[in-house]
Amino acid sequence: MAGTFDFSPDDRCNAFITTCSTAPFTDGPLAGTAVAVKDNISTAGIQTTCGSRILEGYVPPYDAHVVELLRNAGAAIVGKTNMDEFGMGTTTETSAFGPTRNPVDPERVPGGSSGGSAAAVAAGFVPMALGTDTGGSIRCPAAFCGIVGLKPTYGRVSRYGLIAYANSLEQIGPMARTVEDASRLMSVIARYDPRDSTMLDKPYDHGPTADIAGLRIGVPEEYFGEGVDPRVAETVRDAIGVLEGLGAETVPVSIPGMRHALAAYYVICTSEASSNLARFDGVRYGPAVDTRKTWHEAYQDLRQELFGTEVRRRIMLGTFALSAGYAGRYYAKAQVARRNIREDFERAFRDADIIAGPTMPTVAFRLGEKSDPLSMYLSDILTVPANLAGIPAISVPCGRVDGLPVGLQLMGRQFEDERVVDAAFAYEQEVRA
C-alpha cells in the first residue's frame with residue numbers, strides 16, 4: 001500500500017486523543033497496516049499527553065523504540081489513543097480528555113488504562129494497536145472489549161520512549177482482533193534495544209500453532225474465589241474445557257501469595273509513580289510556573305491544577321510509602337510479597353506449562369459505577385500477579401455474560417510468550433471453527 005493513509009474514523013467512543021496521517025512503506029511485515037499507539041508512547045512530531053493536561057501540547061522530538069520498529073515494518077500510525085491519566089485507572093475515565101466508551105455497549109467502560117487502544121480495535125477503526133500493561137492495563141480492556149491483548153514477559157519489549165507509570169512493572173504489548181494479529185505485532189516490537197537496560201536480547205519470531213496436545217494447564221482456585229462473578233467463572237471454566245478437548249491436561253495449582261498481591265502492587269506502583277512524576281514541575285516538563293510565586297507555591301499550584309484526582313491520590317500514597325519511618329513498614333514488605341508471588345508461580349510451573357483463569361472478575365462496569373477508588377483497585381486482583389512476577393499473560397475472548405465479553409487469561413513462564421500465544425490461538429481457532 002503506497003501513499004498517505006486516509007484515516008477518518010467515526011470516533012463515537014472517544015478512542016483517540018490525536019489522529020494523524022503517516023505514509024506507510026510499501027514493504028515490511030506490516031506494510032500499509034493501520035496501527036494505533038497509546039498516548040504514553042513517544043511519537044516524534046505527534047502530541048503525546050499521557051491523557052493529562054500537564055502534558056497537553058507536548059510534542060516529543062524522538063520516537064519510542066517500538067514506534068521506530070513499527071515505521072520500519074511499514075505500518076501506518078494513524079492515531080494516539082485515549083488512556084487513564086498516566087495509566088492510573090481501570091476504566092479510562094480518569095483521562096483529562098474525557099472517558100472512552102466501550103464499543104460493545106457505549107454505556108459501559110472499555111477498561112483501562114489502555115481503553116482507547118482496545119476501543120479503537122473493537123470498533124474496527126484499526127486492526128491492531130499498542131497498549132501498556134502495569135497491572136493489567138492491556139488485558140483488562142481486552143477482556144472488556146472482546147479483543148486479544150498480550151502482556152509480554154518483562155524485559156522482552158523495549159520501554160525506551162515510554163512515559164512510565166511504574167518502571168519495574170510496566171510493559172508495552174500488542175492488542176488486536178485475533179491472536180494471529182497480536183502475534184504479528186509482537187514479532188515486530190520485540191527486538192533488542194541497547195537503550196533499555198532492563199531488556200534482554202530475546203526476539204520474538206513465532207507463528208502461532210494450534211497443536212497443544214499434552215499441554216499441562218494449571219487452574220488455581222484463587223482465580224475463581226471470592227469477588228469473581230460466578231457466571232464469569234463458569235464461562236472461563238467452559239473455555240478451559242475446550243482446551244482439554246484439544247488434548248491439554250488440567251492440573252490443580254495454588255498461588256497462595258494472591259492474598260497479598262493487590263496490596264503489594266499498589267504500594268510498589270504508587271511509590272514508583274511518586275518518583276516518576278516528580279519531573280512534571282513546570283521547569284523540566286509541564287507549563288511554565290508563575291515566577292511571581294515562591295517555587296514551593298508555584299510547584300504545588302501547578303500540580304494541583306493540572307493533575308487529576310486519581311493521579312494526585314497515587315502520588316500521595318507513594319510518597320507516604322517511601323517516607324522516612326514508613327519505607328520499611330510498607331515498601332520493603334511489598335517487595336517481599338512480590339518475591340513470594342514470583343516464587344509461587346515458579347512452584348506452580350513445575351506442575352503446569354501455563355496457568356489459566358479469568359482475566360477480570362466481572363464484565364465491563366457502567367460509566368461512573370466505580371466512583372469509590374478502593375472498589376476500582378479491587379478489580380485488578382486477577383491481573384496484577386503476572387506483573388509482579390514478570391511473566392507473560394494474554395487475554396482472549398471466551399464468551400459473554402449478559403451480552404458483554406469475558407476474557408480467558410493464560411499465563412506462562414518467563415520468556416515463554418510463544419507457548420501462551422499458542423494456547424490462546426488453539427482456543428480461538430476451535431471456537432471460531
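The table below gives the values:
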quantity: Computed over the chain: relative contact order in percent, which uses C-alpha pairs under 8 Å that are six or more apart; calculated: 18 percent
quantity: Label-to-label distance, nm, for residues given as Arg366 and Glu430 (7 Å Cα→Cβ offset); calculated: 3.7 nm
quantity: Cα→Cβ-extended label distance, 7 Å offset, between Glu343 and Ala210, nm; calculated: 4.2 nm
quantity: Estimated FRET transfer efficiency when R0 is 25 angstrom, pair Glu234-Glu107 (beta carbons, to 0.05); calculated: 0.50
quantity: Subset of Lys38/Lys333; Lys151/Lys370; Lys38/Lys202; Lys293/Lys370; Lys80/Lys333; Lys38/Lys293 violating a 27 Å alpha-carbon distance limit; calculated: Lys38/Lys333; Lys293/Lys370; Lys80/Lys333; Lys38/Lys293
quantity: Net length gained if the chain between Asp301 and Asp402 were fully extended (0.36 nm per residue, minus Cα distance); calculated: 31.8 nm
quantity: Calculated FRET efficiency for the pair Ala324/Arg12, C-beta based, R₀ 51 Å, to 0.05; calculated: 0.55
quantity: Amide H partners (placed H, <5 Å) of Ala76, local residues excluded; calculated: Gly32, Thr33, Ala34, Val35
quantity: Spin-label model distance (nm) - Leu374 vs Tyr192, 7 Å beyond Cα toward Cβ; calculated: 4.9 nm
quantity: Percent of beta bridges antiparallel (DSSP, the chain, rounded to nearest 5); calculated: 65 percent
quantity: 29 Å tail of the calculated P(r), the chain, as % of Cα pairs; calculated: 41 percent
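Any read-out appearing in this document is the output of simple, stated calculations on the displayed coordinates, not a laboratory observation. Predicted model, so just to flag it, every value in this text is computed and none were measured. Because the Cβ atoms are built from the backbone with ideal geometry, glycine has one as well, and the counts that use them run over all protein chains shown.
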